[in-house]
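The values are calculated or read from the model by the stated rules, or taken from the named source; none is laboratory data. Given the structure is predicted, the values throughout are model-derived calculations rather than measurements. Cβ atoms come from the backbone with ideal geometry, glycine included; neighbour counts cover every protein chain shown.
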Amino acid sequence: MSVYHRITFREREEISIRRVSGKSIRTIANELNRSPSTISREIARNKSENNSYRAVVAQCWVNNRLKKPKKKRKLDTNKRLRGFVIDHLKKYWSPEQIAISLEKMYPEDMTMRVSHETIYSYLYVKPRGALKEMLIMQLRQNRLRRRKKHKRVIRKLRDMALIDERPPEVNHRIIPGHWEGDLIIGSTYSAIGTLVERTTRMALLAKVSGKDADVVRKAFVRAFKRIPSDLKKSLTYDQGSEMAQHTLFTKQSNIKVYFAHPHSPWERGTNENTNGLLRQFFPKGINFDKVSNYQIRRAQQLLNERPRKTLNWLSPYEAWQKTVALGT
């Protein structure tokens, strides 16, 4: 891949001579080994007042622009605002979550406003060294390419109820109490269970000592133990063998389990998205056997306290509290 270099004064002289001789922009670009858009932009930005292009005049325009002092960034000059942004980045909030929360928390104070684009720009340009590395690590990772996934052999579980049999109310997300579940797998076959409520996006994390069906069932029953009975209506899961004891799970928790179709993660999209967010706390390759209960509870707390765009910038915890208060 070729690297762009600024146009030099010598090139500006060549452009000026060729323009006077009547050569086209494309021809000039070919002769100078530049792209036509580069030559066109150079002429448009640095032409004389009479619309002609002269090398000396063009160089003067460039020099004047370079001498202008750069405008200081808002996050450079506002220490209070910068502190708020950095503190919440450390809590794994996204720049957009921070920007919206500032508007809600400081509705009359315009000095405490910053766009998420400005936060991203500042984050990648200004911080240096360990601070920059640490802050960028707080951001959710965006992959350029999807990783190839190995095909799993799906063994049909006994007495399964497929997702097609779920009540229609589940799809509309109006009535809370319908959950999605999964395991996040770490190294050495370690794992944690993830459960997320579809309406409020409230997440529960369950530490498990492996993928054994008996272990997973007991962990999920414990996780749901403190949830009000009217907020435990259904659980949608994939057809993993760890849910082989779903009938006993339903008997112990009173939660009906429905199973997604094979290789259809979008049918549990809320849970898939939650698992992606949790990778900020638990990166791929982590050994969950070495993760403490405190670390798991802390990750659950931080995730549920972050405002969500899909919840009109309420956090899952706030949405959950409203639901519990209504007694639905």
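Some observations on this one:
- Failed criterion for Ser2 (all others in (1) modelled with pLDDT of 90 or more; (2) among the small types (Gly, Ala, Ser); (3) surrounded by fewer than 18 Cβ atoms within 10 Å (Cβ to Cβ) hold): (1)
- Of the strands (runs of 3 or more DSSP E) that lie entirely inside segment 154-250, those containing 3 or more residues that are surrounded by 19 or more Cβ atoms within 10 Å (Cβ to Cβ) and not hydrophobic (A, V, I, L, M, F, W, C) span 178-185, 191-197, 234-237.
- The residues listed here are Ser40, Ser21, Ser35; of these, the one that is surrounded by 10 or more Cβ atoms within 10 Å (Cβ to Cβ), free of Cβ contacts under 8 Å to residues at least 60 places away in the same chain, hydroxyl-bearing (Ser, Thr, Tyr) and within 18 Å of Ser52 (Cα to Cα) is Ser40.
- The listed residue being touching a Phe, Trp or Tyr at 6+ places or on another chain (Cβ under 7 Å), on the phi > 0 side of the Ramachandran plot and not hydroxyl-bearing (Ser, Thr, Tyr), out of Gly177, Gly210, Gly186: Gly210
- Against the list (1) at pLDDT 90 or above; (2) under 25 Å from Pro262 (Cβ atoms); (3) more than 21 Å from the chain's Cα centre (by Cα), the condition Val153 fails is (1).
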